Amino acid sequence: RTARRSQEAQAVARAGAVIGRCFVPEVLAGVLDVPVASLEAPLQELVDHAILYTFGARDAGYFDFRHQLLRDALYASTSDRDRRRFHARAGEFGGSLEGASEVHASLHYERAGLRAQAYRAALAGARDAARLSAHREAFGLYQRAVTNMPDDLPDLERADVLERLSDEASAIEENDLAERMARAASDAYRAGGRPD
């Protein structure tokens with residue numbers, strides 16, 4: 001169905017699919033790097049053909065896909081190059097969406113291949129989640145931070161992150177991983193001159 005829509009509407013639909021959740025035109029404009037006014041016609045075309053629907057107040061209206069399968073199919077049909085570019089921009093602009101957090105930003109940055117940004121966003125989100133005792137969320141975010149750790153990260157900072165992942169893994173009874181991360185943290189502390 002989307003292939004029969006205008007090129008502009010197809011681009012809007014693919015960028016919306018990469019955002020991965022409901023969105024406002026301002027965020028979509030940031031992801032596509034176009035003026036908000038240029039999105040009015042393509043968005044209306046997608047609404048008229050039952051690909052998107054709109055909800056919320058007229059001045060802050062949200063758009064979302066009629067069905068998750070539509071979003072998934074459009075995401076899969078987006079080229080790798082465009083997908084990475086849209087993810088990078090969604091990480092940057094998606095924070096203005098209601099309910100957005102470092103969780104969303106870190107995932108977008110990771111999928112864009114921007115390891116340093118993914119690391120920083122995941123680490124910030126993990127620390128917030130751990131403060132709230134949201135152990136599963138903190139665990140997932142510390143895992144993402146470790147996966148995206150910069151190669152030149154100082155040993156003591158690496159050790160701290162590995163130790164925190166170990167703690168969160170232990171909190172949700174991922175004991176084998178907790179033990180592996182504790183050993184890796186211990187090695188990093190020794191390498192950083194802190195065997196204590």
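The values are calculated or read from the model by the stated rules, or taken from the named source; none is laboratory data. Everything numeric in this text was worked out from a predicted model, so none of it was measured. Virtual Cβ from ideal backbone geometry, glycine too; neighbours counted across all protein chains shown. Please note that ligands, DNA and RNA were not included when accessible areas were found on the heavy atoms of the full protein model with its side chains. Shrake-Rupley method; radii C 1.70, N 1.55, O 1.52, S 1.80 Å.
For the stretch 97-112, the count of residues that are modelled with pLDDT under 95, of a type in the set (Lys, Arg), part of a helix (DSSP H, G or I) and open to solvent by less than 50 Å² (accessible area, probe 1.4 Å) is zero. Filtering the stretch 15-73 down to residues that are assigned to a loop (DSSP other than H, G, I, E, B) and closer than 19 Å to HIS108 by Cβ, which residue is least open to solvent (accessible area, probe 1.4 Å)? Per the stated criteria, the residue is VAL24.
Can you tell me which residue is nearest to LEU70 (Cα to Cα) among those in the stretch 1-10 that are open to solvent by less than 40 Å² (accessible area, probe 1.4 Å) and in a helix (DSSP H, G or I)? If we take residues in the stretch 1-10 being open to solvent by less than 40 Å² (accessible area, probe 1.4 Å) and in a helix (DSSP H, G or I), then THR2 is nearest to LEU70 (Cα to Cα).
Scanning the stretch 145-159 for residues that are in a helix (DSSP H, G or I) and either open to solvent by less than 20 Å² (accessible area, probe 1.4 Å) or in contact (Cβ under 8 Å) with a residue 12 or more places away in the chain (or both) yields a total of 7.
Regarding TYR189, is this residue under 30 Å from ALA17 (Cβ atoms), surrounded by 15 or more Cβ atoms within 10 Å (Cβ to Cβ) and free of Cβ contacts under 8 Å to residues at least 40 places away in the same chain? No.
When residues in the stretch 141-179 are screened for being among the basic types (Lys, Arg) and farther than 21 Å from ASP196 by Cβ, 1 of them pass.
For the stretch 162-179, the criterion of being over 21 Å from LEU107 (Cβ atoms) and basic (Lys, Arg) is satisfied by no residue at all.
Taking each residue of the stretch 160-175 that is open to solvent by 40 Å² or more (accessible area, probe 1.4 Å) and looking for partners that are among the small types (Gly, Ala, Ser) with beta-carbon atoms closer than 6 Å, six or more apart or interchain, yields GLU163/ALA185; SER170/ALA178.
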